[in-house]
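The values are calculated or read from the model by the stated rules, or taken from the named source; none is laboratory data. Small disclaimer: the values here were computed from a predicted structure and weren't measured. Cβ coordinates were reconstructed from backbone atoms using ideal geometry, including for glycine residues, and neighbour counts include every protein chain displayed. Calculation scope for accessible area: heavy atoms of the full protein, side chains included, ligands and nucleic acids excluded. Shrake-Rupley method; radii C 1.70, N 1.55, O 1.52, S 1.80 Å.
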Amino acid sequence: IIPFLTVDDELSIPEGEEDLETAVKAVRDQTDATECTTQTQRVRSAKHPVLKIPEVVDDFLRNYLVKMGMKRTLDCFQIEWFEMGHKGLMKTDVMKLVPDVYTHNQLLDNELKNVQRERDSYKQAAFEAGETIVKLQRERDFHRMQHKRVVQEKNRLIEDIKKLKKHYASYDPALRQLNEKYRTAVRQKMLVTLKSPNTPHQREKIQKSPEKGAHLSCDNIASNYVIKDPNKNTRHPKDSEFPASTRVNPYLPQIKALSSLNTKSANFSLFRSLKAHTMAVSFLTLHPRKMIVASSSDDQLWRLWGIPEGEMIMTGKGHTDWLSSCSFHPSGGYLGTTSGDTTVKIWDFAQGRCVLSLEGHIHTTWACSFHSCGDFVASCSMDNTAKVWDLNSERCRWTLRGHVDSVNSISFLPFSNILLTCSADKTLSLWDARAGLCAQTFYGHKHSCNYTTFNATGDTVASCDSFGVVKLWDVRNVSAMVTIDTGPHPSNQVAFNPNGRILVVASNDGTVKLVEVLSLHMSSVIAHEDAVQSVIFDHKGEYLLSAGSDGAIHIWS
């Protein structure tokens, strides 16, 4: 039996231990403390006995009769007692006080009654405590049942999750297969779009290799693709004719429309990063019409990428040494590559292989560029020469001699017969591709020129050298307009944006420097962990792409 606790009793149970056993223990501890206090009070009462309270006989009798309820006897006693006292018959000397034992008995009787009342209250408290215990036990049983139900639901959910995981795992092979099919379909779609829309007669301008293979390889190129006598200028039946020089660039209206855009160099931020090759990326070139970029690398591979998503479309392998550059054919269906193996190779996307290998240089070929008509490709080499190749007759039409050191870059002015070259002999030259003669030479650099390019309108040339000096040249006056020092680290490539207002420089210190042509304000962004080798803009100037020696391609927007 647990004693009853009043409202005034102070009983506290620690948080987190509110269970039945803790409550019962706390109640018992409180009861033991109460009993110890009561016993202490009783011991103190025993040590201090009740003082003697003398009481006369008549008062004792009256109190006794009142307590017993004997009213008539009390009346008779009082009448007789007062009559005797009034008549003088009361013997006062005989009258004594009532002994103390009667007083003690009375006190003990009162204490007994008090103890009985306490006993009844304790019984009531014990009964109520019993009811509370039963109630708590019922609540405990209810919570136990709830806990068991929750545990059962949790175990059932765990089993369901395991089954779902197992079921999901069974879909992995199918998902991988579907993903691979999707990627293959996307690549095939891109390849279909890369195919030239020209007629079969025009497609025969580039000789096809007689062997067919699934991999992009040049191991089986026919021996008649080799240019045996590149300096022979006699007429060949299949020689192509250079178009007239009076042609107008059809993209000039678009260029003028882009020139109205207010492009700020500081707006570019990193959009996406691609781990494109396992070794340094040497060059980037943009498809003439589509958002596709080709990259060449020291790992002897070239690759096609869809931008800005950065999905790889195709990989080509066939050179026996590192690749130095690449260039798209104007139709978009072919790619030209140059390499340390001294060759220039032409790749057909539709056939997925190399279809022409041009041999004639005696040292590393650095770059190549297609004529806008698509019948000619020009290449430059470390052997101090540049060559103009006829893709129909598969022979060298001209060998351009004039530089006294390695020719590092070459490019056709769009829709013209003018070639632009730069050399380690610190000069730039303009050539007439029809006659193979040098028309103008630009002097001004004090170090080896690494790269040069035209702006979109063709009236300005930008060049950079191995000491980080960038120059802008006026083609009409054959003079330097602006000199910008971005050194002391070498500059590897320069490129204009489509409207010609921004010039970007690929620097050897891992940064891309952006120069506003009008104000000459220069800013730079840390682009790569190693030297930046190539930079290009997309068709509208919305994206800037950079490639570096760390094997990565970064897309900036």
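In table form, for the structure just shown:
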| read-out | value |
| --- | --- |
| Where Leu89 falls short, out of the listed (1) assigned to a helix (DSSP H, G or I); (2) aliphatic (A, V, I, L, M); (3) at pLDDT 75 or above | (1) |
| Test: residue in region 537-548 that is open to solvent by 10 Å² or more (accessible area, probe 1.4 Å) and among the hydrophobic types (A, V, I, L, M, F, W, C) | yes |
| Checklist (1) free of Cβ contacts under 8 Å to residues at least 60 places away in the same chain; (2) touching a strand residue (DSSP E or B) at 6+ places or on another chain (Cβ under 7 Å) applied to Trp398, failing item | (1) |
| Some residue of region 64-80 being modelled with pLDDT under 85 and touching a helix residue (DSSP H, G or I) at 6+ places or on another chain (Cβ under 6 Å) | no |
| Residues located in region 306-322, provided they are touching a Leu at 6+ places or on another chain (Cβ under 8 Å), assigned to a strand (DSSP E or B) and either open to solvent by less than 20 Å² (accessible area, probe 1.4 Å) or modelled with pLDDT under 90 (or both) | Met312, Ile313, Met314, Thr315, Gly316 |
| Number of positions in region 439-472 that are of a type in the set (D, E, K, R), open to solvent by 40 Å² or more (accessible area, probe 1.4 Å) and closer than 21 Å to Leu413 by Cα | 1 |
| Within region 268-287, considering residues that are outside any strand (DSSP E or B) and modelled with pLDDT under 90, the one surrounded by the most Cβ atoms within 10 Å (Cβ to Cβ) | Ala276 |
| Region 324-341, residues that are closer than 22 Å to Met382 by Cβ and out of contact with any Asp or Glu (no Cβ under 7 Å at 6 or more places or on another chain) | Ser324, Ser325, Cys326, Ser327, Leu335, Gly336, Thr337, Thr338 |
| Any hit, region 508-531, residues being in a strand (DSSP E or B), in contact with a Lys or Arg (Cβ under 7 Å, 6 or more places away or on another chain) and crowded, with 20+ Cβ neighbours inside 10 Å | no |
| Any hit, region 316-323, residues being within 33 Å of the chain's Cα centre (by Cα) and among the aliphatic types (A, V, I, L, M) | yes |
| Region 323-337: number of residues that are open to solvent by 10 Å² or more (accessible area, probe 1.4 Å) and either part of a loop (DSSP other than H, G, I, E, B) or among the acidic types (Asp, Glu) (or both) | 3 |
| Asn450 being closer than 27 Å to Ser273 by Cα and touching a Leu at 6+ places or on another chain (Cβ under 9 Å) | no |
| Subset of region 459-504 (residues that are farther than 21 Å from Ser325 by Cβ, more than 39 Å from the chain's Cα centre (by Cα) and of a type outside the set (D, E, K, R)) | Thr460, Leu472, Trp473, Val475, Asn477, Val478, Ser479, Ala480, Met481, Val482, Thr483 |
| Answer from Leu413, Leu420, Leu400, Leu356 - the residue that is in contact with an Asp or Glu (Cβ under 9 Å, 6 or more places away or on another chain) and hydrophobic (A, V, I, L, M, F, W, C) | Leu356 |
| Output for region 338-389, where each listed residue is part of a loop (DSSP other than H, G, I, E, B), under 45 Å from the mean Cα position of the chain (by Cα) and charged (D, E, K, R) | Asp341 |
| Phe376 in contact with a Phe, Trp or Tyr (Cβ under 9 Å, 6 or more places away or on another chain), of a type outside the set (D, E, K, R) and open to solvent by 40 Å² or more (accessible area, probe 1.4 Å) | no |
| Condition check for Ser357: touching a helix residue (DSSP H, G or I) at 6+ places or on another chain (Cβ under 7 Å), modelled with pLDDT of 90 or more and of a type in the set (Gly, Ala, Ser) | yes |
| Residue identified as modelled with pLDDT under 60 and in contact with a Ser or Thr (Cβ under 9 Å, 6 or more places away or on another chain) among Lys52, Lys47 | Lys52 |
| Qualifying residues in region 383-432 (those that are open to solvent by 30 Å² or more (accessible area, probe 1.4 Å), over 23 Å from Thr460 (Cα atoms) and hydrophobic (A, V, I, L, M, F, W, C)) - the one modelled with the highest pLDDT | Val404 |
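Here is a yes/no grid of residues against (1) touching a Ser or Thr at 6+ places or on another chain (Cβ under 9 Å); (2) at pLDDT below 90; (3) aromatic (Phe, Trp, Tyr):
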residue	(1), (2), (3)
Ser491	yes, no, no
Val504	yes, no, no
Ser507	yes, no, no
Val512	yes, no, no
Ile526	yes, yes, no
Asp538	no, no, no
Ile555	yes, no, no
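Per-residue answers, yes or no, for (1) open to solvent by less than 90 Å² (accessible area, probe 1.4 Å); (2) touching a residue at least 24 places away in the same chain (Cβ under 8 Å):
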{"residue": "Asp120", "(1), (2)": "yes, no"}
{"residue": "Arg140", "(1), (2)": "yes, yes"}
{"residue": "Gln152", "(1), (2)": "no, no"}
{"residue": "Leu164", "(1), (2)": "no, no"}
